[in-house]
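Only one structure is covered here, and it is reproduced in the block below.
The values are calculated or read from the model by the stated rules, or taken from the named source; none is laboratory data. Bear in mind the structure is a predicted one, so any value in this text is a computation, not a measurement. Because the Cβ atoms are built from the backbone with ideal geometry, glycine has one as well, and the counts that use them run over all protein chains shown. SASA here: full protein model, heavy atoms, side chains in, ligands and nucleic acids out. Shrake-Rupley method; radii C 1.70, N 1.55, O 1.52, S 1.80 Å.
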Amino acid sequence: IGGLCTTCLDIAVQTGLVCTSVARLVSESLAAAACLFAARGELPAEEDFGIDRLKHKHKAAIAGFLEPLGEAVDRLALAIFEGNYRLEEAIQPRFELSGTGEGGCIVLGDDSAAAEDVAQYEALQGVCVWTLTLVVRAVGPQDFSGETLWEFASRDALGALVLARGALCFQRWAWQGSTGTRVPDDFHEIHEAVLSAVLGLAGSNVVFSDGQDDGGGDVAISVRQEQLLLHRAQLAAAASECSLLRCLLVHPWTSLP
């Protein structure tokens, strides 16, 4: 199934996500892989480590499964970004907030919005949500962090935030003509894990998570501070490019623990 996912992603990279059918092909292949890591029917046990026993015992194999997918998705992130930009120009989505901390919804244009454009927009978000569902299930929701998202996106700010934005906007629409993109059974848990990871991307643990230490371990605090500020500036620029803030604001913040 990993090979199938990679093949579908490669096809999408070559052809571009220019039609709904290609986006759905990618989304469905990712959903099939994500089903391998679903925790249905597994009873808790004393030896659990916050993630299920299978994942704890086979972390290396899981990493080997995810690495080529991460590389393929990294090549696809730009196509998702470009597709979203083009479709939002046509659909003109409005991010409507309740003003009470309960979040809001995304209104996908009006009755004149082309159904095909809306279907493709939804399918692109389906690619994002199933990509991150696969990763969250593979490592376990408790272990999915800003570092995990950063590494899976090949340490690329725009790639990480494009995937996260698509997943966080998924199912936040006020649109009666939904095309029925497949929704993960554990969607709420996935959504919360992705949101937590996005908010953790600015941490110093993410900046220095590669373990590389230029200068033999003797690096001035001022240099570290400069590296951290540069990282956060890159995140801010990427967040602005993909309009992440509006997506975060429609989240119901009063429901967070």
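Tabulated values for the structure
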{"item": "In the range 72-145, the GluC sites (Glu not before Pro) that fall in loop regions by DSSP, at most 14 other Cβ within 10 Å", "result": "GLU102"}
{"item": "Order by protection proxy (mean Cβ within 10 Å, highest first), peptides 11-22, 193-204", "result": "193-204, 11-22"}
{"item": "The range 103-167, accessible area per residue, ligands and nucleic acids excluded (1.4 Å, Å²)", "result": "25"}
{"item": "Mean Cβ count within 10 Å, highest first, over the residues of peptides 228-238, 125-135, 182-192", "result": "125-135, 182-192, 228-238"}
